[in-house]
Amino acid sequence: MTISPVKTLWSLPFYHEADPFFCGQKLGEFYLAEAPRVPERPASPFTAMVLDRLATVLVDLRTSADAHQQFDQAALEAEAARLLDVAQSDLIRSTERNVLFHPAP
């Protein structure tokens, strides 16, 4: 079931009907009760790019650890921070080229 993001519509009857397939439970009410606890997930055309870059950082971290046989947590955290800084710089350069990403002056 998909619920409307317009809260004033949550009082519509079909959200409060018993569903015979689920032993008379009012599934719509379950979803409505959980809706305020759903974490915000902003949409962005850059989300896929960021997730791809994060996956690359994880692979690079593992490759570096294996190559240097360095599995100490502090050393891994330092290398992860370095790799993330590089990835962030790359992503910033990529997004700065998009005129739609920046607010109008």
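Considering only residues that are surrounded by 11 or more Cβ atoms within 10 Å (Cβ to Cβ) and farther than 24 Å from ASP52 by Cα, which ones fall in segment 69-89?
GLN70
Restricted to segment 22-42, and to residues that are assigned to a loop (DSSP other than H, G, I, E, B) and within 26 Å of the chain's Cα centre (by Cα), which residue is nearest to TRP10 (Cα to Cα)?
If we filter segment 22-42 for residues that are assigned to a loop (DSSP other than H, G, I, E, B), which is where we start, we get 23-24, 26, 38-42.
Now restrict to residues that are within 26 Å of the chain's Cα centre (by Cα): 38-42.
Values: VAL38: 16, PRO39: 19, GLU40: 19, ARG41: 21, PRO42: 22 Å.
Top of the filtered list is VAL38.
Give all pairs with beta carbons closer than 6 Å in which a residue from segment 61-74 that is in the same structural domain as ALA87 (by TED's automatic domain parsing) meets a residue that is outside any helix (DSSP H, G or I); count only pairs at least 6 apart in sequence or on separate chains.
Pairs found: ALA65/PHE71.
Among the numbered criteria (1) out of contact with any Gly (no Cβ under 7 Å at 6 or more places or on another chain); (2) in a helix (DSSP H, G or I), which single criterion is violated by ASN98?
In the conditions (1) out of contact with any Gly (no Cβ under 7 Å at 6 or more places or on another chain); (2) in a helix (DSSP H, G or I), ASN98 misses (2) alone.
Pick from segment 90-99 the residues that are of a type in the set (D, E, K, R) and farther than 17 Å from ALA55 by Cβ: which of them is surrounded by the fewest Cβ atoms within 10 Å (Cβ to Cβ)? Step through it out loud before you land on a result.
Here is the first cut: in segment 90-99, the residues of a type in the set (D, E, K, R) are 90, 93, 96-97.
Next, from what is left, pick out any that are farther than 17 Å from ALA55 by Cβ: 93, 96-97.
On the way: ARG93: 9, GLU96: 10, ARG97: 7.
Ranking the candidates gives ARG97 first.
Inside segment 28-37, can you point out the residues that are loosely packed, with under 15 Cβ neighbours inside 10 Å and not acidic (Asp, Glu)? Spell out how you get there, then give the answer.
Here is the first cut: in segment 28-37, the ones loosely packed, with under 15 Cβ neighbours inside 10 Å are 29-30, 33-37.
Listed by number, the residues that qualify are PHE30, ALA33, ALA35, PRO36, ARG37.
Given the structure, is THR56 of a type in the set (Ser, Thr, Tyr) and within 15 Å of LEU84 (Cβ to Cβ)?
Working: of a type in the set (Ser, Thr, Tyr): yes; within 15 Å of LEU84 (Cβ to Cβ): yes.
Considered against the rule, which asks whether it is of a type in the set (Ser, Thr, Tyr) and within 15 Å of LEU84 (Cβ to Cβ), THR56 comes out as yes.
Given the conditions (1) more than 26 Å from the chain's Cα centre (by Cα); (2) exposed (fewer than 13 other Cβ atoms within 10 Å of the Cβ); (3) hydrophobic (A, V, I, L, M, F, W, C), and given that ALA65 satisfies all but one, which numbered condition is not satisfied?
(2)
Give the number of residues within segment 39-51 that are surrounded by fewer than 10 Cβ atoms within 10 Å (Cβ to Cβ) and closer than 14 Å to ASP90 by Cβ.
First, pick out the residues of segment 39-51 that are surrounded by fewer than 10 Cβ atoms within 10 Å (Cβ to Cβ): 39-43, 48.
Filter once more, so that each one left must be closer than 14 Å to ASP90 by Cβ: none.
Residues flagged as surrounded by fewer than 10 Cβ atoms within 10 Å (Cβ to Cβ) and closer than 14 Å to ASP90 by Cβ within segment 39-51 amount to 0.
State yes or no: is VAL57 at pLDDT 95 or above, β-branched (Val, Ile, Thr) and surrounded by 12 or more Cβ atoms within 10 Å (Cβ to Cβ)?
Working: at pLDDT 95 or above: yes; β-branched (Val, Ile, Thr): yes; surrounded by 12 or more Cβ atoms within 10 Å (Cβ to Cβ): yes.
Considered against the rule, which asks whether it is at pLDDT 95 or above, β-branched (Val, Ile, Thr) and surrounded by 12 or more Cβ atoms within 10 Å (Cβ to Cβ), VAL57 comes out as yes.
The values are calculated or read from the model by the stated rules, or taken from the named source; none is laboratory data. In this text, all values refer to a predicted model and were calculated from it rather than measured experimentally. Positions of Cβ are generated from backbone atoms using ideal geometry, with glycine treated the same way; all protein chains shown enter the neighbour counts.
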